[in-house]
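First up is the structure itself, then whatever we jot down about it.
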Amino acid sequence: MRQRVITSIVLLVVLVPAIIIGGWPFNIVMGLIALLGSIELIHMAKISRKLLPSIVTYIGTLSIVFFDYIAVYLPDTWSNGFIPIFSLMFLLIGTVTIREYDFTKAGISALTMFYVGLGGYAAITIREANLALFLFILLITISTDVGAYFIGSLIGKNKLAPLLSPNKTVEGSIGGIISALIMAAIYLNFFNFHYSDGIMLLVAGVLSVTGQFGDLLESSLKRHFAVKDSGNILPGHGGILDRFDSALFTLSMAFILGIV
């Protein structure tokens, strides 16, 4: 527990100033999170992290994270998605030219690019557009996790997904949603967005559910690859994906919903 608290403090010291300042300090932090997350997922899948297709996967992931910035420097005749598309083509070529790299591994690499990359891109886009909205999404994600944990610990009896995450309960899940809605209602008293408070509360509910699915997705990945944690870079927490799985998924959904 002591190590977990220390790691949390270090994360806050790094993340909070980056979020507040925004711009390239925040973008660099998000790029690092995306890069480490993609490396973790590749390693979880037991694909060599030094294999050329793996390196292409990291480049493809970062090209999605920094999509808007890279597109400015590409010739007008090129597709804005040149780098991620080229990366996908290279992964397919790799299945033919590299003996230890098959279609399953190429599929995992492609999933890594878009799962991690889209979350990073959404984070940068939303933070650049509206700090208050970015904090709103983080508040929903955190309050869902905290509410689900405490309500689940107190009254949780019915398992939510016993095969994926035995400790999660239906009561905890509902508690997380209620907690998110309460915090959203309080937050909306201080900030106004393009949409009405009613719509934003609906969005909060959707994002709360989405964050829980993001958590379960990461649990499913770990179960599929038979690993306890996605990595060990964050002592007491595990890996980058263990800590940011819900946030990446929630930010992606917020971007897809177009609430920016």
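The values are calculated or read from the model by the stated rules, or taken from the named source; none is laboratory data. What you see is a predicted model; the values in this text were computed from it and never measured. Here the Cβ is made from the backbone with ideal geometry for all residues, glycine too, and neighbour counts use every protein chain on show.
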Output the number of the condition that GLY175 fails; it satisfies all remaining conditions of (1) without any contact (Cβ under 8 Å) to a residue 40 or more places away in the chain; (2) surrounded by fewer than 22 Cβ atoms within 10 Å (Cβ to Cβ). (2)
Consider the stretch 26-46. How many of its residues are part of a helix (DSSP H, G or I) and exposed (fewer than 14 other Cβ atoms within 10 Å of the Cβ)? 1
When you check SER63 against the structure, is it assigned to a helix (DSSP H, G or I) and touching a Gly at 6+ places or on another chain (Cβ under 6 Å), yes or no? no
For the condition of a type in the set (S, T, N, Q) and part of a loop (DSSP other than H, G, I, E, B), what is the one hit in THR104, THR141, THR112, THR77? THR77
Residue satisfying condition, being modelled with pLDDT of 90 or more, within 15 Å of ALA45 (Cβ to Cβ) and surrounded by 21 or more Cβ atoms within 10 Å (Cβ to Cβ), within set LEU207, LEU241: LEU241
Kindly check whether there is at least one residue in the stretch 53-66 that is within 23 Å of GLY238 (Cβ to Cβ), more than 16 Å from the chain's Cα centre (by Cα) and either modelled with pLDDT under 95 or crowded, with 19+ Cβ neighbours inside 10 Å (or both). yes
Can LEU36 be described as over 20 Å from LEU135 (Cβ atoms) and not β-branched (Val, Ile, Thr)? yes
Please list, ordered by first then second residue, the pairs with beta carbon atoms under 6 Å, 6 or more apart or interchain, first in the stretch 98-112 and free of Cβ contacts under 8 Å to residues at least 12 places away in the same chain, second in a helix (DSSP H, G or I). ASP102/THR95; PHE103/THR95
